[in-house]
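Before any comments, here is the structure.
The values are calculated or read from the model by the stated rules, or taken from the named source; none is laboratory data. Just so it is clear, the model here is predicted, and its values are computed rather than measured. Counting neighbours? That spans all protein chains shown, and the Cβs are built from the backbone with ideal geometry, glycine included. Areas reflect the complete protein model, heavy atoms only, side chains present, ligands, DNA and RNA absent. Shrake-Rupley method; radii C 1.70, N 1.55, O 1.52, S 1.80 Å.
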Amino acid sequence: RWPSLLKYYSHTDGVSWLEEYKARHNAGLEAQRIVASFSKRFFSEHVPCDGFSDIETLGCPSHFFEDELMCILNMEGRKGLTWKYYAKKILYFLRQQNILKNLKEYLQRPTDRQSFLEGAVLIDQYCNPLSDICLKSVQAQVDDITDKVRKVLRTKNPRHPSLASKAGEVSVPEVELQRQVLDAMNCVLYEQLKYKGNELDYYNSLNSYIHQVLIRRTGIPISLSVLYLTIARQLGVKLEPVNFPSHFLLRWCQGKEGSTDIFDYTYIDAFGKGKQLTVKECEYLIGHHVTEEFYGVVTSKEVLQRMVGNLLNLGKRESTDQSYQLLRDSLDLYLAMYPDNVQHLMLQARLYFHLGIWPEKVLDILQHIQALDPSQHGAVGYLVQHTLEHIERRKEEVGPEVKHRSDEKHKEVCFSIGLIMKHKRYGYNCVIYGWDPACMMGHEWIRNMNVHSLPHGPHQPFYNVLVEDGSCRYAAQENLEYNSEPREIPHPDIGRYFSEFTGVHYLANTELEIRYPEDLELTRATVQKIYSSAKE
């Protein structure tokens, strides 16, 4: 019944299965109750930071609760979209909370017990909490590569010390024997398995996730370096991470162990197929001279900081993701490592302010910034003032605005909620989730979007649409037409507004139907008319 729960039981334990069933059943009912409540509570805004408070005080085993959420997410068919939408949000939150706890525990360990691979997995898990990523599975894949290296090494030197011991238990002191290991690694990684640096799609976030590096066999310098270093250490070669500017490297000691002379090391470019570089060649790699400090070894925490920094920069670059999820996740990770970093705290406050979410948390962050750095009072004061205004406006909001088709002012509105449309000019597919009888945007937006160039200008119905590329847009009626071949719109917010896809249109969920009470019948009639004509 619950194969995913097997890992929580031991075959030797005596278990009362009746009690376990009761606990699982009750957890399922509690999960369903909470998921059902989320649509009504949070339809008109993002789930606030305190919206998960009742989940944090669950009266049932968390693994049973999570299992029910997974059951909801894995429901077959195109129904239950709203339940799936909120179940996903809750599961995302629960798993990220657990991963943050694991990360903080990891950072408190002595540095010699902080595995670079485990750190990379924790970052990967936090940014992809709904994916099945675990250290055990990643380690098993790395072990498999290590075994392939041993096979190559055995053909070159059957008496090599790396073949005699298990992973992590061997140390190879002689430089020539270490060189044989690195040569065998390069042969397996770059010749047999075809690993390579992703030069064509360098700024893809998948390059930073270790489980994706193993699947796609490509990455960026730091992710490939973590893989390379882990395999080398398992074979007795102690490589060290080097936080080289613009291009992460590894170093391999050729002189006395622990030497502070940068010329006692050979530098390895895992992104460049394991090429071994001198100090001068490292400078050629990035095109300028750097001081000796950049050739020094860094800690696992500093490696994670750079990995998260890369994701932060990618999060700032992303333009299609209007929720800025990657930026939010990477800021969470950075502040888990450096909770008093004023620059990143301010970025987090500005981001939440920009998105119009979690105003109470914005105030908490700003208060913390002011305590850390009073010189920030100008920026802090501005954000505090506008955040308080936002909170007051929210308090003044009355119930949802209801739009009736029968109102005279709505007579020009031709399309209805749930219809699959196509944009005449840009060709994208979308679904309508809201409409206005005329353009409700400000003068600046109307000017920037050149609305006045349209034959009917801003004095025509405009529609809120979810677009297949994940964006939300506001489109003029004259630019939209019925899609003759309707299909599902893969938008992350589809479940926020719709409960089901019928195959030709979407059904509004309860909260959206309250706002557009007369649209459902019109949508059904329109669909029947369009597609019966198409069949004829």
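Structure data summary
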{"quantity": "Any hit, region 104-114, residues being part of a helix (DSSP H, G or I), surrounded by 18 or more Cβ atoms within 10 Å (Cβ to Cβ) and of a type outside the set (Ser, Thr, Tyr)", "calculated": "no"}
{"quantity": "Filtered residue count, region 68-79, keeping only those that are surrounded by fewer than 19 Cβ atoms within 10 Å (Cβ to Cβ) and within 23 Å of residue 128 (Cβ to Cβ)", "calculated": "5"}
{"quantity": "Criterion violated by residue 276 - all others in (1) under 20 Å from the mean Cα position of the chain (by Cα); (2) outside any helix (DSSP H, G or I); (3) modelled with pLDDT of 90 or more satisfied", "calculated": "(1)"}
{"quantity": "Residue in region 125-138 that is under 20 Å from residue 240 (Cα atoms) and at pLDDT 95 or above present", "calculated": "no"}
{"quantity": "Residue in region 161-173 that is surrounded by 17 or more Cβ atoms within 10 Å (Cβ to Cβ) and part of a helix (DSSP H, G or I) present", "calculated": "yes"}
{"quantity": "Residues being among the hydrophobic types (A, V, I, L, M, F, W, C) and in a loop (DSSP other than H, G, I, E, B) - total across region 213-249", "calculated": "6"}
{"quantity": "Candidates 434, 457, filtered to the one that is closer than 30 Å to residue 83 by Cα and either touching a Ser or Thr at 6+ places or on another chain (Cβ under 9 Å) or open to solvent by less than 30 Å² (accessible area, probe 1.4 Å) (or both)", "calculated": "434"}
{"quantity": "Helices (runs of 4 or more DSSP H) wholly inside region 322-429 containing at least 1 residues that are in contact with a His (Cβ under 9 Å, 6 or more places away or on another chain) and surrounded by 17 or more Cβ atoms within 10 Å (Cβ to Cβ)", "calculated": "325-337, 342-355, 359-372"}
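Conditions tested, residue by residue: (1) modelled with pLDDT under 95; (2) surrounded by fewer than 14 Cβ atoms within 10 Å (Cβ to Cβ).
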position	(1), (2)
243	yes, no
251	no, no
255	yes, yes
261	yes, yes
266	no, no
285	yes, no
288	yes, yes
306	no, no
